[in-house]
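Engineer: The structure is given below, and queries will be raised subsequently.
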Amino acid sequence: MKKPDRTHCIRCGTCCRKGGPALHKEDIHLIKSGKISCKSLVTIREGEPAFDNVKNQVVSSVSDIIKIRSKNNSRSCIFLDNNKEACKIYDIRPIECKVLQCWDTTAIERLYDRNRLTRKDLLFETKEIWELIIDHQQRCGYDRVRQLSDNRNDRDKSRIEEIRFLVRYDAHLRSLLSEKGGMAPDIMDFLFGQPLSVTIRRLGVVMDNI
């Protein structure tokens, strides 16, 4: 006998194991109210190569994408309760989670790249932090990183040294703000995206080789 088509969410956790949702402007109240902490977020920066679940391929992000971070060494959303196969914040889940229907992806495909929440939406009024983010983006933007990585060769010492400098600057800034500025280390991936030493591998640059 043919099984009936799915018509509702059975909270099996499958979508949660494919990564946390991206946030949209409709979700801003969840962050500003503290219901979802910035420590739970990670930013995919403009130009960063990242996997697009809808397109099913790696693409360069056209803008900031703020996501609920994944668990360590896993793609699963940090709010997935593995024991119960359930979302820990189901009642206040972000809009992507609300509209996602695994049996009919029409709604999520219509929503996923619209009105995305950005760091500017959340941090523009915090002048000191926002200026640090702007400076970091200007120094370590992916347009420059990609230009350096695409055109480097083993004898091109100037390009190799600039890549090294950018990676070290990115790491030093995070360390300085954490150790001297008193900021929580967990918030750095939201403020500045994942470390450049990690994301640069997606551009074919292996740190041991430079």
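Engineer: So which GluC sites (Glu not before Pro) in segment 93-142 are both in a DSSP loop and have at most 13 other Cβ atoms within 10 Å of their Cβ? Walk me through the numbers on the way to the answer.
Structural biologist: Details: sites: Glu96, Glu109, Glu125, Glu128, Glu131; in loops: Glu125.
The qualifying sites are Glu125.
Engineer: Treating the angle as unsigned and between 0 and 90°, give the value, to the nearest 10°, between the Cα long axis of helix 142-151 and the longest Cα principal axis of the chain.
Structural biologist: The angle comes out near 60 degrees.
Engineer: Take the alpha carbon atoms of segment 63-77, find their center, do the same for segment 125-203, and report the distance between the two centers in whole angstrom.
Structural biologist: Between the Cα centres of segment 63-77 and segment 125-203 lies a distance of 19 Å.
Engineer: Additional query: DSSP loop trypsin sites (Lys or Arg not before Pro) in segment 174-208 with at most 10 other Cβ atoms within 10 Å of their Cβ, which ones? Can you show the working numbers first?
Structural biologist: Numbers: sites: Arg174, Lys180, Arg201, Arg202; in loops: Lys180.
Qualifying residues, ordered by number: Lys180.
Engineer: Does anyone have the angle between helix 127-140 and the longest principal axis of the chain? Alpha-carbon axes, 0 to 90°, nearest 10?
Structural biologist: Once rounded, the angle reads 70 degrees.
Engineer: The list (i) 14.4; (ii) 12.9; (iii) 11.5 gives values of mean projected area of the Cα convex hull in nm², and only one came from this structure; which label was calculated from it?
Structural biologist: Correct label, based on the coordinates given: (i).
Engineer: Counting other Cβ atoms within 10 Å of each Cβ, which trypsin sites (Lys or Arg not before Pro) in segment 65-144 have at most 16 and sit in a DSSP loop?
Structural biologist: Answer in residue order: Lys71, Arg75, Lys84, Lys88, Arg114.
Engineer: Given the pairs Lys88/Lys120; Lys25/Lys180; Lys35/Lys71; Lys67/Lys98; Lys32/Lys55, which are separated by over 21 angstrom at their Cα positions?
Structural biologist: On the way: Lys88/Lys120 27 Å; Lys25/Lys180 32 Å; Lys35/Lys71 19 Å; Lys67/Lys98 15 Å; Lys32/Lys55 30 Å.
Among Lys88/Lys120; Lys25/Lys180; Lys35/Lys71; Lys67/Lys98; Lys32/Lys55, the Cα-Cα distance tops 21 Å for Lys88/Lys120; Lys25/Lys180; Lys32/Lys55.
Engineer: Across segment 119-191, how large is the tail of the calculated P(r) beyond 22 Å, expressed as a percent of all Cα pairs?
Structural biologist: Working: 842 of 2628 pairs.
Pairs farther apart than 22 Å: 32 percent.
Engineer: Oh, and also: To the nearest 0.05, what FRET efficiency results for Lys55 and His29 with a Förster distance of 25 Å applied to their C-beta separation?
Structural biologist: E(calc), rounded to 0.05, equals 0.30.
No lab work stands behind these numbers, since they all come straight from the coordinates. It should be emphasised that the depicted structure is a prediction, and the values quoted were computed from it without experimental measurement. So basically every Cβ, Gly included, is an ideal-geometry build from the backbone, and we count neighbours across all protein chains shown.
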